[in-house]
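Here the structure comes first, spelled out in structure tokens, and everything after it is commentary.
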Amino acid sequence: MTTVVDRIGLLVTNAPELGDGPLGLRHDAAVVIDGAEVVAVEASGAVADRRIDADGACVIPGFVDSHTHLVFAGDRAGEFVERMAGRPYAAGGIATTVAATRAATTAELLATARARLHDAWRGGTTHVEIKSGYGLDVEEERRGLDVAAELTDDTTFLGAHLVPPDFAGRSDAYVDLVCTSMLERCAPVARWIDVFCEVGAFDADQARTVLRAGRAAGLGGRVHANQLRPGPGVRVAVESGAASADHCTHLTDADLDALAGSDTVATFLPIADFCTRQPYPPGRRAVDAGVSIALASNCNPGSSNSTSLPLAMALAVREMGLTIEEALLAATAGGARALRRADLGCLRPGARADLAILDAPSYTHLAYRPGMPVVAATLVGGELVWGDEGSRNY
Ligand SMILES: [Zn+2]
């Protein structure tokens with residue numbers, strides 16, 4: 001079946017060959033979809049089996065959220081309240097979520113993760129990466145990945161999220177477990193491997209060991225790097241050929257040089273910095289240094305309980321010095337690059353038909369109307385997953 005999203009006032013394709021500027025902008029356009037794929041970008045008035053009338057609104061490629069921890073149980077609102085009252089954030093809070101997640105049934109984990117994915121759709125997100133990392137033993141990590149695999153094909157094994165309490169003081173022994181039986185059990189359902197390289201989590205040598213073992217098992221690398229203070233994480237990510245170094249809140253000039261000369265994307269997670277009262281990442285400096293960047297939500301119960309990429313964009317513009325165009329590109333095409341996905345983050349023929357119809361004439365409203373429900377409808381693989389077909393004519 002073919003579908004046309006017609007009468008688009010302003011279309012962002014992220015395909016410069018299809019329109020103006022780096023966003024590939026088109027006016028009075030239509031996107032023609034066959035099955036789950038974009039097959040053409042045309043002028044308004046295109047014909048198809050089914051017609052969705054954008055009524056002059058702006059349409060963007062769906063957000064590609066390349067960093068989430070959507071599979072978890074419980075919440076840590078109490079920790080947030082304390083932090084807002086002045087207690088500093090420490091990485092150890094993850095253990096609270098590990099206990100709650102281990103205690104939850106698989107059905108509960110899937111239902112709550114699915115609910116979070118539905119929230120993400122409402123914000124215009126059309127693809128999520130999902131990490132494990134709240135199991136921290138062989139079977140629990142596999143269970144988290146099995147749940148994640150129900151919701152996405154970008155699953156990430158994050159056994160090296162934190163040293164669990166039963167391995168306290170024996171982090172090398174835990175790294176051995178991660179790199180042997182845990183990896184063996186998890187690799188068949190994971191595309192990526194990730195490691196939290198931070199004081200209180202894993203050091204540079206341990207991170208290299210984890211990434212090397214993952215690569216040998218066929219998994220691409222990702223690193224939680226330079227979140228709480230300057231450190232070796234970014235350079236470990238670059239040296240290891242990781243697809244992405246995530247957080248990058250504290251970047252030295254040497255870090256920026258390393259990133260700029262590499263294929264590693266710097267993925268900024270400004271909602272986490274917002275929720276933990278951290279400084280914001282140096283987004284402007286990174287772009288000016290030639291670093292390839294992405295914006296993601298880092299949705300998790302401890303430091304960023306949100307899947308809102310419009311909020312991440314607003315923070316990136318207001319607090320990190322990005323232009324609205326740079327922020328939109330980072331949250332769409334940038335996320336796709338961080339996941340090495342050529343089929344996502346753009347609306348050119350051959351791409352997956354993932355898009356958001358805005359309740360606005362321009363994408364600028366995503367940052368200009370912070371906190372407002374700017375996304376009117378969301379299509380994933382050509383299917384309407386958010387938007388009221390009856391009242392809004394979608
Ligand atoms: Zn994370």
Q) In region 148-163, how many residues are closer than 16 Å to residue 188 by Cβ and surrounded by fewer than 24 Cβ atoms within 10 Å (Cβ to Cβ)? A) 4
Q) Pairs, please: C-beta under 7 Å, at least 6 apart or cross-chain, first residue more than 17 Å from residue 237 (Cβ to Cβ) and in region 289-303, second basic (Lys, Arg) and within 16 Å of the ligand (Cβ to nearest atom)? A) 299/116; 301/76; 302/76
Q: Give the number of residues within region 15-34 that are touching a residue at least 12 places away in the same chain (Cβ under 8 Å), over 19 Å from residue 334 (Cβ atoms), open to solvent by 40 Å² or more (accessible area, probe 1.4 Å) and not basic (Lys, Arg).
A: 3
Q. Any chance region 61-72 includes a residue that's open to solvent by 10 Å² or more (accessible area, probe 1.4 Å), under 29 Å from residue 114 (Cβ atoms) and either more than 16 Å from the ligand (Cβ to nearest atom) or outside any loop (DSSP other than H, G, I, E, B) (or both)?
A. no
Q.
Just to be sure before I move on: is residue 218 surrounded by fewer than 24 Cβ atoms within 10 Å (Cβ to Cβ), at positive phi and touching a strand residue (DSSP E or B) at 6+ places or on another chain (Cβ under 7 Å) in the structure I sent?
A. no
Q.
Filter region 140-188 down to the residues that are closer than 28 Å to residue 354 by Cα and within 16 Å of the ligand (Cβ to nearest atom) and list them by number.
A. 144, 145, 148, 152, 154, 155, 156, 157, 158
Q: Residue by residue through region 119-147, note down the ones that are under 22 Å from residue 334 (Cα atoms) and of a type in the set (A, V, I, L, M).
A: 120, 128, 130
**Q.** Any chance residue 113 is without any contact (Cβ under 8 Å) to a residue 60 or more places away in the chain and either at positive phi or in a loop (DSSP other than H, G, I, E, B) (or both)
**A.** no
Q. Condition test on residue 257, is it farther than 13 Å from residue 208 by Cα, out of contact with any helix residue (DSSP H, G or I) (no Cβ under 7 Å at 6 or more places or on another chain), part of a helix (DSSP H, G or I) and without any contact (Cβ under 8 Å) to a residue 40 or more places away in the chain?
A. yes
Q. Scanning region 290-305 for residues that are in a loop (DSSP other than H, G, I, E, B) and closer than 20 Å to residue 69 by Cα, which turns out nearest to the chain's Cα centre (by Cα)?
A. 296
Q. From the residues in region 306-335 that are assigned to a loop (DSSP other than H, G, I, E, B) and within 13 Å of the chain's Cα centre (by Cα), which one is farthest from the ligand (Cβ to nearest atom)?
A. 308
(Q) If residue 97 meets every condition in (1) β-branched (Val, Ile, Thr); (2) crowded, with 18+ Cβ neighbours inside 10 Å; (3) farther than 25 Å from residue 294 by Cβ apart from one, which number is that one? (A) (3)
Q: Could you tell me which numbered condition residue 133 fails, if it satisfies all but one of (1) within 16 Å of the ligand (Cβ to nearest atom); (2) on the phi < 0 side of the Ramachandran plot; (3) not in a helix (DSSP H, G or I)?
A: (2)
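The values are calculated or read from the model by the stated rules, or taken from the named source; none is laboratory data. This is a predicted model, so every value here is computed, not measured. Because the Cβ atoms are built from the backbone with ideal geometry, glycine has one as well, and the counts that use them run over all protein chains shown. In case anyone asks, the SASA skips ligands and DNA or RNA and just uses the protein heavy atoms, side chains included. Shrake-Rupley method; radii C 1.70, N 1.55, O 1.52, S 1.80 Å.
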